[in-house]
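Novice: Dumping the structure here so I can ask a few things about it.
We did not get these values from a lab; they are worked out from the coordinates using the rules stated. The structure displayed is predicted, hence computed values, not measured ones. Positions of Cβ are generated from backbone atoms using ideal geometry, with glycine treated the same way; all protein chains shown enter the neighbour counts.
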């Protein structure tokens, strides 16, 4: 074990390099996601709405229906819905 | 003008202190917003839905109606809506 | 108390408007902070370094000295310091 | 091609599912990074300092040396360094 200033430098370096590789992988995946949204957009889809659908798909259908109903009620109460 | 290492330290300090005061003000406002959501929650309102209403109020009513309609269409297309 | 769909709409509206005002205040302060950094930059200061100083000023001097020493050790261990 | 409300629902679903898989991969990598920092911490390393080293490794050595020197000058000018 190599040590610098009492630090196991080779062990530290391994951790750092493994974390850097994973962070690089994350950046590449983020790029792929961005490309997919761009591809969808050029296919006529709306990324902003797709993101809301992806968020909604993380919820149980009943929960989603409840949230939608409550949002509708709040919007009506605040006068946000064009009658 | 006081200088340290060629840096006008008093001018630098003034900038730093003014920015720190503004950042502190921002933190206090964030706390007030958190308190208001907590107060609304104890009054029976749902902060998560309130945030969606606040987001919606930043949009023109037509834009909002259009977005809601498109979201409904996407949800139906993906089978997210309980018929 | 006005009610829409069982919701006290006037109470909800008050909460929403108070939160919107506070969020607006926060945005204005963020703009002021941005302007100050821009002003400092035109005065020859480096915003990126100023931000590190502001972060450092939140720490006790001993804590800061300790962190600086440890960072120096890690950098040396990883070969980041030009000898 | 299946259509719902004029939307090619099967195409939309494919985009959504591909994006969801990539987002799931990202979450898993974030977990792995968190685990590595935790493992390093239990090995006696400081994640907060490791993150500063990772940030520094993204910079050219000369740039890093320049930034360190300027930060030292600012800290001295503001009285942050215990003489």
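Novice: Across the residues of A:26-34, average count of Cβ atoms on other protein chains within 10 Å?
Specialist: Values: counts 8, 1, 3, 7, 3, 1, 5, 8, 0.
Rounded to a whole number, the mean comes out at 4.
Novice: Let me ask another. Would you mind checking the tilt of helix B:47-57 against the longest principal axis of the Cα atoms of chain B, expressed as 0 to 90 degrees and rounded to 10?
Specialist: 90 degrees
Novice: Follow-up question, since we're still on this one. In nm², what is the average projected area of the convex hull enclosing the Cα atoms of chain C? Before the final figure, lay out the partial values.
Specialist: Numbers: hull surface 44.0 nm².
Value for chain C: 11.0 nm².
Novice: On to the next question. In chain D, what residue has the beta-carbon at the shortest distance from the axis of the rotation relating D to A, and what is that distance in angstrom, rounded to the whole number?
Specialist: Of all Cβ atoms in D, the one closest to the rotation axis yields D:26, 3.
Novice: Now for a different question. Shortest first and in nm with one decimal, please list how far the residue A:44 label point sits from its counterparts in the other copies (point 7 Å along Cα→Cβ).
Specialist: Here the equivalent label points are 4.6, 6.1, 6.4 nm apart from this one.
Novice: Roughly speaking, what is the centre-to-centre gap between the range C:54-83 and the range D:30-81 when only Cα atoms are used, to the nearest Å?
Specialist: Rounded to whole Å, the Cα centres lie 7 Å apart.
Novice: Still on this structure, I have one more. Mean-square fluctuation check for chain B, GNM, Cα pairs under 10 Å: which of B:58, B:26, B:13 is largest?
Specialist: Per the Cα network of chain B with a 10 Å cutoff, B:13 tops the list.
Novice: Would you mind listing the distances between the residue A:67 label point and the same position in each other copy? Use 7 Å along Cα-to-C-beta, nm, one decimal, shortest first.
Specialist: 1.5, 3.6, 3.8
Novice: Per the Cauchy relation, a quarter of the hull surface: what is the mean projected area of the convex hull of the alpha carbons in the protein assembly as shown, in nm²?
Specialist: Numbers: hull surface 93.3 nm².
Mean projected area of the Cα convex hull: 23.3 nm².
Novice: Take the alpha carbon gyration tensor of the range C:1-45, find the square roots of its eigenvalues, order them as a ≥ b ≥ c, and report rounded if a/c is under 1.5; if not, report prolate when a/b exceeds b/c, else oblate. If you can, show how the numbers build up before the last one.
Specialist: On the way: a/c = 10.47, a/b = 7.43, b/c = 1.41.
Because a/c hits 1.5 or more and a/b exceeds b/c, the range C:1-45 counts as prolate.
Novice: For a footprinting-style exposure proxy, rank D:67, D:62 by other Cβ within 10 Å, fewest first. Present the calculation step by step, with values, prior to reporting the outcome.
Specialist: Working: D:67 16, D:62 9.
Listing D:67, D:62 from fewest to most nearby Cβ atoms yields D:62, D:67.
Novice: Springs between alpha-carbon atoms under 10 Å, Gaussian network over chain C: tell me which of C:45, C:15, C:37 tops the mean-square fluctuations.
Specialist: Top of the fluctuation ranking is C:15.
Novice: So how tilted is helix D:9-42 from the main axis of chain D? Cα-based, degrees 0 to 90, rounded to 10.
Specialist: Computed tilt is about 30 degrees.
Novice: Distances from residue D:17 to the same position in the other copies: list them in nm, one decimal, shortest first, using label points 7 Å from Cα along Cα→Cβ.
Specialist: 3.9, 4.9, 6.3
Novice: Determine the shielding of peptide D:47-55 by partner chains: average, over its residues, the number of Cβ atoms on other chains within 10 angstrom of each Cβ.
Specialist: On the way: counts 2, 3, 9, 7, 2, 6, 12, 7, 0.
So the per-residue partner count for this stretch is 5.
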